[in-house]
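Engineer: First the structure, then my questions, so here it is.
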Amino acid sequence: MKAVRYYEAGTFVFEEVLEQEPGKGEVKIAVAWCGICGSDLHIFQGHMDQRVHAPLAIGHEMSGEIIKVGENVSGWSAGDKVTVRPLDNCGSCPTCQAGYGHICENLKFMGIDTVGAMAEYWIVPARLLHHLPNSLPLDQAALIEPLAVACHDVRRGEVKPGDVVVVNGGGPIGMLIAMVARKAGGNVIVSEINPHRLTFAAEHGFMTVNLLEQSLGEELAKQGASNGADVFFEVSGSKPGALAMTASTRPRGRIVVVAIYPEPVPVDLHKFFWKELQLNGARVYEPEDFDAAIKLAAGGELPLAAMITARYSLDQTQKAFEFLASGANCMKILIGGKC
């Protein structure tokens, strides 16, 4: 079969690899679409070579159709439209035993630690499947995984109707958080410095703040929240963002750190003490977040189609990553698979 495999920084190779068959408890999926996420871009740039064992087909934001079912698999059949929750947890560590398998102490993230979906076919454990309704286009279904991230984040932030919500960082995950938070009843402000992202947010009905030109505090005051946001999502991964989350959240407000900070940055702990702030980490998702994401996507109330900037065929994967790495204005890029 055909697959695209990462070899070294800046290099993907489209090539033939040995086609496998599903084993016990596994299914074989014909991949329809696979999205490129920020972690995939870091892999392409060579930033994760200590973790990614080349050559490796990466990718985990996907949609497809089951074409073969292995032994001891029930409830699934060839022809089923599916997406995959790509978290292969051990099930036996204390964290798994406590019910938090998504942050398993021995977690293998499929498409990073193990073979991923940038191929014609992908074999995965059936226990990680989620059914897709036939009414949901498979290109939009490839956004279920990042949408599940957003559902998990908003759930961690306990967003409720009437809450003033700041999403600091308007990239793909930030925009999906903004959409889900608005659906939950929040009055959402998207804080960004990238003009393209600000325009995208405004075009889809969000209040925006360009921090290079405006004050977040002034915008919050216009929304009747002069003492800060009820919920602040830090998605930028920047040092200013880490400081803004304490400065721009009201007393007893809720902060959700979504961004991955590779190293410690300054945080104003005095404000945590002074305002009795609540800080939540939010990492990936749980099964119920996938279910919520599928329901939202199938409902057609989120502008998911507009999130897709470009589509490339599997043999154009190198070109797709080069386009994304160039800093081009885009939200989500999809790679076409077999379907």
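The values are calculated or read from the model by the stated rules, or taken from the named source; none is laboratory data. Note that the structure is a prediction, hence the values are computed from the model and not measured. So basically every Cβ, Gly included, is an ideal-geometry build from the backbone, and we count neighbours across all protein chains shown. When the accessible area is computed, the model is the full protein with side chains, heavy atoms only, and any ligands, DNA or RNA have been set aside. Shrake-Rupley method; radii C 1.70, N 1.55, O 1.52, S 1.80 Å.
Engineer: Within segment 244-265, track down each residue that is open to solvent by 80 Å² or more (accessible area, probe 1.4 Å), over 22 Å from Cys37 (Cα atoms) and not in a strand (DSSP E or B).
Structural biologist: Pro264
Engineer: I need a count of the residues in segment 301-322 that are modelled with pLDDT of 95 or more and over 30 Å from Phe14 (Cβ atoms).
Structural biologist: 2
Engineer: Considering segment 163-178 alone, what residues qualify as being out of contact with any strand residue (DSSP E or B) (no Cβ under 7 Å at 6 or more places or on another chain) and closer than 20 Å to Glu301 by Cβ?
Structural biologist: Ile173, Met175, Leu176
Engineer: For segment 178-198: of the residues being under 14 Å from Met307 (Cβ atoms) and not aliphatic (A, V, I, L, M), which is surrounded by the fewest Cβ atoms within 10 Å (Cβ to Cβ)?
Structural biologist: Only one residue tops the list, namely His196.
Engineer: Further question: Tell me which of these Ile173 doesn't satisfy, since it passes every other one: (1) in a helix (DSSP H, G or I); (2) farther than 30 Å from Ile29 by Cα; (3) β-branched (Val, Ile, Thr).
Structural biologist: (2)
Engineer: Continuing with this model, one more query. Check whether at least one residue in segment 192-205 is farther than 21 Å from Ala259 by Cα and among the aliphatic types (A, V, I, L, M), and report yes or no.
Structural biologist: Yes, there is a match, as at least one residue in segment 192-205 is farther than 21 Å from Ala259 by Cα and among the aliphatic types (A, V, I, L, M).
Engineer: Let me ask something additional. Kindly indicate which of Phe44, Phe14 is hydrophobic (A, V, I, L, M, F, W, C) and farther than 20 Å from Glu120 by Cβ.
Structural biologist: Matching residue, one of Phe44, Phe14: Phe44.
Engineer: Quick one: how many residues across segment 214-237 are open to solvent by less than 60 Å² (accessible area, probe 1.4 Å), out of contact with any Leu (no Cβ under 7 Å at 6 or more places or on another chain) and either in contact (Cβ under 8 Å) with a residue 24 or more places away in the chain or not polar (S, T, N, Q) (or both)?
Structural biologist: Total satisfying the criteria: 14.
Engineer: Okay, moving on. Can you tell me which residue is most open to solvent (accessible area, probe 1.4 Å) among those in segment 298-316 that are touching a Gly at 6+ places or on another chain (Cβ under 9 Å) and part of a helix (DSSP H, G or I)?
Structural biologist: Residue satisfying both the conditions and the ranking: Gln316.
Engineer: Shifting gears a bit: Taking Leu107 as the residue in question, decide whether it is in contact (Cβ under 8 Å) with a residue 40 or more places away in the chain, closer than 21 Å to Tyr285 by Cα and of a type in the set (A, V, I, L, M).
Structural biologist: So Leu107 does not fit the description; no.
Engineer: Is it fair to say Arg5 is among the basic types (Lys, Arg), more than 30 Å from Ser135 (Cα to Cα), open to solvent by 50 Å² or more (accessible area, probe 1.4 Å) and not in a loop (DSSP other than H, G, I, E, B)?
Structural biologist: In short, yes.
Engineer: Considering each residue of segment 199-213, count those that are open to solvent by 10 Å² or more (accessible area, probe 1.4 Å) and part of a helix (DSSP H, G or I), and give that number.
Structural biologist: 4
Engineer: I want to confirm something. Restricting to segment 137-162 and keeping residues that are open to solvent by less than 10 Å² (accessible area, probe 1.4 Å) and not in a helix (DSSP H, G or I), which single residue is farthest from Val284 (Cα to Cα)?
Structural biologist: My answer is Ala142.
Engineer: If you don't mind, there's one more thing I want to ask. Starting from residues that are crowded, with 18+ Cβ neighbours inside 10 Å and under 25 Å from the mean Cα position of the chain (by Cα), keep the ones in segment 268-293 and report whichever is nearest to Val164 (Cα to Cα).
Structural biologist: Ala282
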